[in-house]
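Student: Below you'll find the structure I mean.
The values are calculated or read from the model by the stated rules, or taken from the named source; none is laboratory data. Here the structure is a predicted model, which is why all the values come from computation and not from measurement. Glycine also receives a Cβ, built like all others from the backbone with ideal geometry; neighbour counts cover every protein chain displayed.
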């Protein structure tokens with residue numbers, strides 16, 4: 001009987017049985033023959049198509065006959081005024097209208113003193129409580145309100161636990177790999193004996209771990225509830241109370257528990273709770289945890305590309321056909337849980353008759369789904385440049401197009417052609433952009449992001465590097481893990497600070513700095529996305545790091561013809577200009593980034609004078625830029641400008 005709203009027939013029969021049971025108790029308290037009440041009890045029990053609430057409590061908690069009647073007596077005092085009045089009469093009028101242990105020992109059958117000891121079920125599971133600070137035999141005994149309502153046929157989650165727990169329904173759709181894991185967990189637990197071993201679910205798919213746990217619970221006929229690690233009390237007494245209340249609740253509502261840890265190192269209080277809590281218990285954590293109790297460990301990661309493709313086909317139904325090969329690209333770029341895919345599939349309308357570009361709509365929805373996590377770790381850059389804006393020699397442009405092609409065809413090469421089966425190392429597309437400041441490295445990253453329709457994130461190295469041991473690795477792990485989920489392009493701008501040469505170990509600081517670089521090399525090799533590193537000093541990079549780069553793109557200082565092309569494209573069409581000589585401007589020995597600064601400052605000078613941008617404004621802006629760089633201008637560079 002685990003339904004919040006039990007069947008009407010059962011509820012009526014259970015109520016009738018409870019009335020008959022209380023009639024038997026009243027006969028015992030009055031010293032009368034209870035045979036008629038016993039016959040009525042048998043008649044009521046025959047009408048039940050499932051165990052009565054009282055019988056189920058006695059079975060679940062292992063109550064003796066005396067303990068069962070004692071619990072029934074405390075319930076009768078609350079439910080029937082005649083029972084409380086008979087308690088006074090049976091005690092010779094020397095006590096108030098409630099039950100106590102002395103009365104139970106005198107009236108009920110097969111009494112035993114151990115019934116009220118703390119290790120016996122009545123007090124261990126807090127089915128009844130003593131409410132007076134007097135001798136144990138004369139103290140008032142009260143049934144717990146949650147248990148009282150259960151005996152009356154009303155089953156609900158204990159209000160003391162409700163704020164801490166979340167009920168999880170069995171997933172309508174699961175990834176095939178996770179469905180197999182759920183079957184394995186259920187088989188292992190079914191053979192586990194008593195007490196059941198704890199199943200640890202590690203991995204990076206929080207939704208998937210819930211789905212697996214719910215499927216395991218359903219296999220045992222249980223419903224699943226979750227509790228966050230942060231909600232487990234640190235105080236030992238409060239934690240013990242939670243263990244008891246949940247253990248009782250798990251029996252009353254037929255439930256399993258999933259403890260969810262967001263951190264690799266949860267507080268010790270969580271581990272103690274995890275080891276002591278009974279029943280079917282699962283622990284979800286990013287990485288496996290050590291435990292004194294018997295533990296079975298399973299890894300639940302986000303579905304692989306093929307499982308995601310299958311999930312998309314299920315979620316989109318007929319709409320998947322219209323997507324064609326583009327759906328494989330979505331499965332390749334984004335690591336989504338089965339719940340994410342199911343929710344997105346249900347919310348999208350991909351009918352080409354309604355939506356002009358269903359592929360773009362799906363792609364955008366997937367990016368929006370995963371942006372939030374990475375937005376808190378890095379700066380997202382909206383691509384604003386295209387191939388025509390990129391002024392580079394043709395060999396460099398050809399290399400950039402080759403990089404874009406590798407991003408496009410990763411699924412075919414890695415999965416269909418089997419390179420991923422050879423190992424995860426070396427599958428990431430790591431690129432180095434090397435060149436002076438302002439030569440177009442960041443713009444090239446924007447062009448690539450726009451070409452492959454992926455988000456571009458700039459990593460703030462000042463936020464990544466930490467003086468505390470191990471923190472830099474944690475920060476890098478968070479960035480890479482989040483980027484894996486959304487297929488983002490990572491831009492480590494001016495990466496010399498982090499990716500410099502590993503030094504000879506002279507002290508502990510050198511050793512830990514080298515560990516950081518080694519960790520980064522490992523993550524770069526296993527990251528399946530595109531990571532772009534920019535540097536002004538290629539020679540400063542570790543040679544071991546350079547060996548792991550798939551592409552190195554040098555960004556040369558632009559020659560005169562390239563500078564003229566940059567000047568011609570730097571002004572938007574709406575900017576009013578007057579007599580600009582681009583050939584003369586090309587003599588200025590500056591890179592594209594500085595050209596943009598000069599053009600922008602000249603535009604503000606013209607706006608202030610309510611005029612047009614001409615060579616005079618450009619000359620003034622050029623002198624300001626030179627002063628900022630502390631580099632004097634030669635006469636040859638600006639001769640004839642004004």
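Student: If we scan segment 118-131, do we find a residue that is in the same structural domain as residue 17 (by TED's automatic domain parsing) and modelled with pLDDT under 90? If you could, list the steps in order and put the result at the bottom.
Tutor: Taking segment 118-131 first, the residues in the same structural domain as residue 17 (by TED's automatic domain parsing) are 118-131.
From the residues that got through so far, the ones that are modelled with pLDDT under 90 too are 130-131.
Yes, there is a match, as at least one residue in segment 118-131 is in the same structural domain as residue 17 (by TED's automatic domain parsing) and modelled with pLDDT under 90.
Student: Please give the number of the condition residue 519 fails out of (1) more than 30 Å from residue 334 (Cβ to Cβ); (2) surrounded by fewer than 19 Cβ atoms within 10 Å (Cβ to Cβ).
Tutor: Status for residue 519: all satisfied but (1).
Student: Right, next: Of everything in segment 388-424, what is surrounded by fewer than 16 Cβ atoms within 10 Å (Cβ to Cβ) and in contact with a helix residue (DSSP H, G or I) (Cβ under 6 Å, 6 or more places away or on another chain)? Give them in sequence order.
Tutor: Those that are surrounded by fewer than 16 Cβ atoms within 10 Å (Cβ to Cβ) and in contact with a helix residue (DSSP H, G or I) (Cβ under 6 Å, 6 or more places away or on another chain): 413, 419, 424.
Student: Out of 166, 173, 147, I need the residue that is modelled with pLDDT of 95 or more and under 30 Å from residue 311 (Cα atoms). Which one? Please lay out each step first, then the result.
Tutor: On the way: 173 fails: modelled with pLDDT of 95 or more; 147 fails: under 30 Å from residue 311 (Cα atoms).
Within the list 166, 173, 147, the selection yields 166.
Student: May I pose another question? For residue 553, are the conditions met, namely being surrounded by 15 or more Cβ atoms within 10 Å (Cβ to Cβ), touching a residue at least 40 places away in the same chain (Cβ under 8 Å) and closer than 23 Å to residue 445 by Cβ?
Tutor: Details: surrounded by 15 or more Cβ atoms within 10 Å (Cβ to Cβ): yes; touching a residue at least 40 places away in the same chain (Cβ under 8 Å): yes; closer than 23 Å to residue 445 by Cβ: yes.
Against the criterion (surrounded by 15 or more Cβ atoms within 10 Å (Cβ to Cβ), touching a residue at least 40 places away in the same chain (Cβ under 8 Å) and closer than 23 Å to residue 445 by Cβ), residue 553 qualifies.
Student: Still on this structure, I have one more. Among the helices (runs of 4 or more DSSP H) contained in segment 24-122, which hold 2 or more residues that are farther than 21 Å from residue 13 by Cβ and out of contact with any helix residue (DSSP H, G or I) (no Cβ under 6 Å at 6 or more places or on another chain)?
Tutor: Details: elements: 35-46, 53-61, 65-79, 81-90, 101-107.
Output list reads 65-79, 81-90, 101-107.
Student: Against the condition under 30 Å from residue 555 (Cα atoms) and assigned to a helix (DSSP H, G or I), how does residue 404 come out, does it pass?
Tutor: Values: under 30 Å from residue 555 (Cα atoms): yes; assigned to a helix (DSSP H, G or I): yes.
Yes; evaluated as a whole, the condition is true for this residue.
Student: So which of 154, 173 ends up being surrounded by fewer than 18 Cβ atoms within 10 Å (Cβ to Cβ), over 14 Å from residue 250 (Cα atoms) and within 21 Å of the chain's Cα centre (by Cα)?
Tutor: On the way: 154 fails: within 21 Å of the chain's Cα centre (by Cα).
Within the list 154, 173, the selection yields 173.
Student: Take segment 176-197 and flag every residue that is without any contact (Cβ under 8 Å) to a residue 60 or more places away in the chain and either part of a helix (DSSP H, G or I) or on the phi < 0 side of the Ramachandran plot (or both). Break it down stepwise before answering.
Tutor: Pass one, segment 176-197, residues without any contact (Cβ under 8 Å) to a residue 60 or more places away in the chain: 179-180, 182-183, 186-187, 190-191, 193-194.
Across segment 176-197, the qualifying residues are 179, 180, 182, 183, 186, 187, 190, 191, 194.
Student: Turning to a different aspect of this structure: Can you work out which of the residues in segment 198-241 that are over 22 Å from residue 269 (Cβ atoms) and without any contact (Cβ under 8 Å) to a residue 40 or more places away in the chain is surrounded by the most Cβ atoms within 10 Å (Cβ to Cβ)?
Tutor: Looking at the filtered set, the residue picked out is 219.
Student: Residues in segment 117-125: is at least one surrounded by fewer than 19 Cβ atoms within 10 Å (Cβ to Cβ), under 21 Å from residue 274 (Cα atoms) and under 35 Å from the mean Cα position of the chain (by Cα)?
Tutor: no
Student: Consider residue 430 carefully, then state whether it is assigned to a loop (DSSP other than H, G, I, E, B), on the phi < 0 side of the Ramachandran plot and either outside the structural domain of residue 360 (by TED's automatic domain parsing) or in contact with a strand residue (DSSP E or B) (Cβ under 6 Å, 6 or more places away or on another chain) (or both).
Tutor: On the way: assigned to a loop (DSSP other than H, G, I, E, B): no; on the phi < 0 side of the Ramachandran plot: yes; either outside the structural domain of residue 360 (by TED's automatic domain parsing) or in contact with a strand residue (DSSP E or B) (Cβ under 6 Å, 6 or more places away or on another chain) (or both): yes.
So residue 430 fails the test.
Student: I'm checking my understanding of the structure. Among residues of segment 255-288 that are surrounded by fewer than 19 Cβ atoms within 10 Å (Cβ to Cβ) and in contact with a strand residue (DSSP E or B) (Cβ under 7 Å, 6 or more places away or on another chain), which one is nearest to residue 127 (Cα to Cα)?
Tutor: Filtering segment 255-288 for residues that are surrounded by fewer than 19 Cβ atoms within 10 Å (Cβ to Cβ) and in contact with a strand residue (DSSP E or B) (Cβ under 7 Å, 6 or more places away or on another chain), the one nearest to residue 127 (Cα to Cα) comes out as 279.
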